[in-house]
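These notes are about the structure you will find just below.
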Amino acid sequence: MMRALAMLAVTAWLGACAGASPLPPPPTDAAAAPPAATSQALRVAADLAAAAQAEEDADVPALTAAITRLRNRGVAPQGSEAEASLARWSAAAGVDPAPLRGRALGPGFQRGTLAPGEERGLEQLFFAGKPAEIALSGESGARLRLTLLDAKNRVVCEHDPGLGRSCRFTPLFSQRYRIEIANGGQKRASYFVVFD
C-alpha cells in the first residue's frame, strides 16, 4: 500500500513538472545587465561603484549618499588604495571618516586598476562553515572576469563577465582562497572587490 502511494505521488509530481514551462536561457550577451544587488556584498560593491562615479561627476549629493550607505554597512577598506579612496570621498562629501567598527574582515573591500589584458590575484582567508561572498564592481562597460580558487587551485566560482556578480560559498575547511580579477577589455578598468 505504501509503495503504491509513493509511486502515485512521484507520478503526480512528474506530471506536474512536464507541464511546467522551462526556465528562460541565461543571457548570452556580454553586455547584459548584471543581476539586481540583493546580497550585502553586492550592495556594497554597487555603492563603491556609485561613489567612484559620483566623485568623477563631482556629484556631492550622490557621493554623500553613497558614503552614508557604506558607513551604515560597516565597510572597512583593506589596503592603501581602498583607504585613500574612502578618505578622499569622505573629504569631498564633507563627511568625517568613520572609525573602524565591527568585523575586521568584512564587509571589506579593495580597489585596483588593471591595464588591458592584465590580471591581478589576491588571497583571503575564509573560515570553515561560515558563509562567505566575494563581489566585483567597477566602471560601467568594463570587461572584468572574477575567478575564485581554493587552496588546491581548483575553481570554486567564475564569472565572465564578472561586473556586478558575486561568488557565494561556505568553505568546508578554513583555508586561503585566491581571488583573480582579469581585464579582458581594450581599456584600463578600475574595480572594487568586496569580501563579506
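Tell me which residues, restricted to region 141-163, are touching a strand residue (DSSP E or B) at 6+ places or on another chain (Cβ under 6 Å) and of a type in the set (Gly, Ala, Ser). Result: 142, 151, 162. Of all residues in region 141-190, those satisfying the criterion of being free of Cβ contacts under 8 Å to residues at least 24 places away in the same chain and open to solvent by 80 Å² or more (accessible area, probe 1.4 Å) are 152, 154, 155, 158.
Scanning region 117-138 for residues that are more than 14 Å from residue 180 (Cα to Cα) and either among the β-branched types (Val, Ile, Thr) or out of contact with any Lys or Arg (no Cβ under 6 Å at 6 or more places or on another chain) (or both) gives 126, 127, 128, 129, 130, 131, 132, 138.
Scanning region 145-189 for residues that are under 16 Å from the mean Cα position of the chain (by Cα) and assigned to a loop (DSSP other than H, G, I, E, B) returns 160, 161, 162, 163, 164, 165, 170.
The values are calculated or read from the model by the stated rules, or taken from the named source; none is laboratory data. Computed from a predicted structure; not experimentally measured. In this analysis, Cβ positions are derived from the backbone assuming ideal geometry, glycine residues included, and neighbour counts consider all displayed protein chains. Keep in mind that these areas ignore ligands, DNA and RNA; they rest on the heavy atoms of the full protein, side chains included. Shrake-Rupley method; radii C 1.70, N 1.55, O 1.52, S 1.80 Å.
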